[in-house]
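Below you'll find the structure, written out as structure tokens, and then a few comments.
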Amino acid sequence: MYLTQVNLRRFKQFKDSTIELKDGLTIVAGGNNAGKSSLLQALAVWEFCKVATTAQKGADALLAGKTSSQGFGLGDDEFSPVNLPSLKHLWSNLKTQKTESDADGYTLQIGCQWIADGAEHRLTFSLALANDRLFIKVADTSLAESTPVPVLAYLPPFAGILAREERTYGALRRRRVGEGLAGAVLRNLLLDMREENLAKRKRLRGNKPKISDADLKSLRANDPWELLQQTLRDVFSAEIAISDFNEEYHTYIQATVVKGTVDGFQLTRHSGYNARDLMVEGSGFLQWLSVYTLATSPSVDILLFDEPDAHLHASLQAQLVERLRNLVDQFGKQVLLATHSSEILCATDPVEMLEVRGGGNTKYLANVEQKVGLVAGIGSTYAPRIEKVRETKKVFFYEGSSDASILRELANSAGVVLPENIAYWQTSDHHRERKSLWRGLDSEFGGVAAYSLRDRDDDPLGTVGQDLADKSYPGIVGFETRKWRRRYIESYLVYPPAIARVAGISEIAVREQLQEKFALAIGPNFSDAVVPAALYDVRGKEVLKHFGVSPVAVARAFESNEICRDIKTVLQDLVDFAAA
């Protein structure tokens, strides 16, 4: 069972939007304030409306033919699926008032379509706000008594796990999940998983002294409790211990965390270690535990994870999604996961990525170029260099963090005005990755041209051609590739007079130290394109650091006739590039 379409009207950023969804795992990505979380929250509100309607009016209220019945009202203190300053924040631009198109005063709609048992079904709720009371009614439905209806669980960045959790069942537990309080039933889910696991082990063992190797292997590969425990062993060197629960004697479910050394499927507790309640564990552990428990729970069909990576180290973020993807395939779940994590985005296939744009526009990506553009921040109103590309349709890729400042100072010394109608983009990526980014930018904005300049570093000198063309990765129309002939831009700054001016010592002292420390003799041909081999490979960063001078300051100290030919070539290239 999985959602195929979500229809939103006047919900937060989605004034009138239809979002198509795929089965399996979807990574929801986009710029800040684009609507990623709002999409998940809309679905959480839909689940709340479903549960609340059933609780207030009975399951029959969801069936076809019941849409003419009146809705029901709730106080703002009874609304819990998402945290809001006030209920009016559910509405686009906080406008809850009736318009001419709202015949009955219900001004917000959330509708879902899904596939179950090979057929498509739909259920839409309308909402209204009056005197701080939220009114809910079924606006459209195709449901019959036997129609399977999905259960959605929304997990915000922190799950809201309770220190004291009572045993709950059925309707009450579904209500907690529908109210956005999935963390409040986490211990219940863990207890269910453990008890089911114990029952399976008992059945598999039968009258035998132990479970057969084949049955044990199958159990470990498919049972939710076994999968959860092994994941905690692998990732955190820990296990969950659930105390026996007897309803006649116990009020709260006890769940503790045990840590130790792991050998395969076995964990040996650290010497002297006392198990601690899971509430005192770090937020990253609890977030991972919540995600994994819901993902393996048979009581939930569709999972809504809002930045589950928020409390995780970067090394665990992509690992979480990879393990989650395996669970999705194994248990047939549908997952929508909103994230800003570049680790997750980079590790995700573009066709699994749903890009959310401002204004409620959404689309699944089709290729790597679109993904690279998304990761770089396309569509975000808070990314100045993206806006510069949009405006100028020209981007200059350079490598070092101070390269642009060095070029600017040398341009000033040479009497060249470095163009401003270019997006300056610092990146250590190879031309290959830059080309993918350029394609993404060009696909997004159209007519974008790129000038890509890289350091030579340890590449052979023969890879640099005429006018600094990069022979190892030739450019194409719209994407020019260049490479410094010397090791990197700082190698063009190892000029004794300029260093002496900044360091406050004599030029003779500079030359003596260059000879003594670096075996360098700088001759009158320093600024030529063709120079002695030692100058091509000089490690300029180390030389300048030895003299205690900054590259930008040395660049500022150059006179026009001292600037190297290669530098002037790049400066003229940029002027011509900007004018084209």
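The values are calculated or read from the model by the stated rules, or taken from the named source; none is laboratory data. No experiment lies behind these values; they were computed from the predicted model shown. Here the Cβ positions follow ideal geometry from the backbone for every residue, glycine too, while neighbour counts run over all protein chains shown.
Can you find a residue in the range 78-95 that is within 26 Å of G359 (Cβ to Cβ) and either among the charged types (D, E, K, R) or more than 30 Å from the chain's Cα centre (by Cα) (or both)?
yes
Any residue in the range 129-140 that is among the basic types (K, R) sitting within a Cβ distance under 9 Å of a residue that is part of a strand (DSSP E or B)? List the pairs, counting only those 6 or more apart or interchain.
Within 9 Å, the pairs are R133/G73; R133/L74; R133/G75; K137/F72; K137/F125; K137/S126; K137/L127; K137/A128.
Of G160, G105, which residue is on the phi > 0 side of the Ramachandran plot, modelled with pLDDT under 90, in contact with a strand residue (DSSP E or B) (Cβ under 8 Å, 6 or more places away or on another chain) and not in a strand (DSSP E or B)?
Values: G160 fails: in contact with a strand residue (DSSP E or B) (Cβ under 8 Å, 6 or more places away or on another chain).
Matching residue, one of G160, G105: G105.
Quick check: anything in the range 224-237 assigned to a helix (DSSP H, G or I), in contact (Cβ under 8 Å) with a residue 24 or more places away in the chain and of a type in the set (K, R)? Talk me through it step by step, then tell me what you get.
Start the filter on the range 224-237 by keeping residues that are assigned to a helix (DSSP H, G or I), which leaves 224-236.
Pick out the ones that are also in contact (Cβ under 8 Å) with a residue 24 or more places away in the chain and you get 224-228, 230-236.
Narrowing the set further to residues that are of a type in the set (K, R) leaves 233.
Looking for residues that are assigned to a helix (DSSP H, G or I), in contact (Cβ under 8 Å) with a residue 24 or more places away in the chain and of a type in the set (K, R), one finds at least one in the range 224-237, hence yes.
Of the residues that sit in the range 336-346 and are of a type in the set (A, V, I, L, M) and surrounded by 22 or more Cβ atoms within 10 Å (Cβ to Cβ), which one is farthest from M1 (Cα to Cα)? Quick ask: steps written out before the conclusion?
Of the range 336-346, the ones of a type in the set (A, V, I, L, M) are 336-338, 344-345.
With the extra rule that they be surrounded by 22 or more Cβ atoms within 10 Å (Cβ to Cβ), the set shrinks to 336-338, 344.
Numbers: L336: 14, L337: 17, A338: 21, I344: 25 Å.
Result: I344.
So how many residues does the range 6-27 have that are assigned to a strand (DSSP E or B) and over 17 Å from L108 (Cα atoms)? Reasoning before the result, please.
First, the residues of the range 6-27 that are assigned to a strand (DSSP E or B): 6-11, 14-20, 25-27.
Those left that are additionally over 17 Å from L108 (Cα atoms): 20, 25-27.
The total comes to 4.
Test V185 against the criterion of being assigned to a helix (DSSP H, G or I), under 29 Å from the mean Cα position of the chain (by Cα), β-branched (V, I, T) and modelled with pLDDT under 85, and give yes or no. Please lay out each step first, then the result.
Numbers: assigned to a helix (DSSP H, G or I): yes; under 29 Å from the mean Cα position of the chain (by Cα): yes; β-branched (V, I, T): yes; modelled with pLDDT under 85: yes.
The answer is yes for V185.
Within 30 Å of T4 (Cα to Cα), at pLDDT below 90 and either among the hydroxyl-bearing types (S, T, Y) or out of contact with any Ser or Thr (no Cβ under 7 Å at 6 or more places or on another chain) (or both), is that true of S283?
no
One line per residue, one yes/no per condition, for (1) modelled with pLDDT under 85; (2) in the same structural domain as V82 (by TED's automatic domain parsing); (3) among the hydrophobic types (A, V, I, L, M, F, W, C); (4) within 21 Å of the chain's Cα centre (by Cα):
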{"residue": "I253", "(1), (2), (3), (4)": "no, no, yes, no"}
{"residue": "T256", "(1), (2), (3), (4)": "no, no, no, no"}
{"residue": "V262", "(1), (2), (3), (4)": "no, no, yes, no"}
{"residue": "D277", "(1), (2), (3), (4)": "no, no, no, no"}
{"residue": "F305", "(1), (2), (3), (4)": "no, no, yes, yes"}
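Select from the range 196-240 the residues that are surrounded by fewer than 16 Cβ atoms within 10 Å (Cβ to Cβ) and aliphatic (A, V, I, L, M) and write down the one among them that is modelled with the lowest pLDDT.
Going residue by residue through the range 196-240, those that are surrounded by fewer than 16 Cβ atoms within 10 Å (Cβ to Cβ) are 196, 198-199, 202-203, 205-210, 212-214, 217-218, 220-222, 234, 237.
Keeping just the survivors that are aliphatic (A, V, I, L, M) gives 198-199, 214, 221.
Details: L198: 93, A199: 94, A214: 93, A221: 90.
Per the criteria, the residue is A221.
For A509, are the conditions met, namely being of a type in the set (G, A, S) and in a helix (DSSP H, G or I)? Full working, then the answer.
Values: of a type in the set (G, A, S): yes; in a helix (DSSP H, G or I): yes.
It is true that A509 is of a type in the set (G, A, S) and in a helix (DSSP H, G or I).
How many residues are surrounded by fewer than 19 Cβ atoms within 10 Å (Cβ to Cβ) and not hydroxyl-bearing (S, T, Y) if we restrict to the range 287-315?
Going through the range 287-315, the residues surrounded by fewer than 19 Cβ atoms within 10 Å (Cβ to Cβ) turn out to be 298-299, 310-311, 313-315.
Then drop every residue that is not not hydroxyl-bearing (S, T, Y), which leaves 298, 310-311, 313-314.
Adding up the residues that qualify gives 5.
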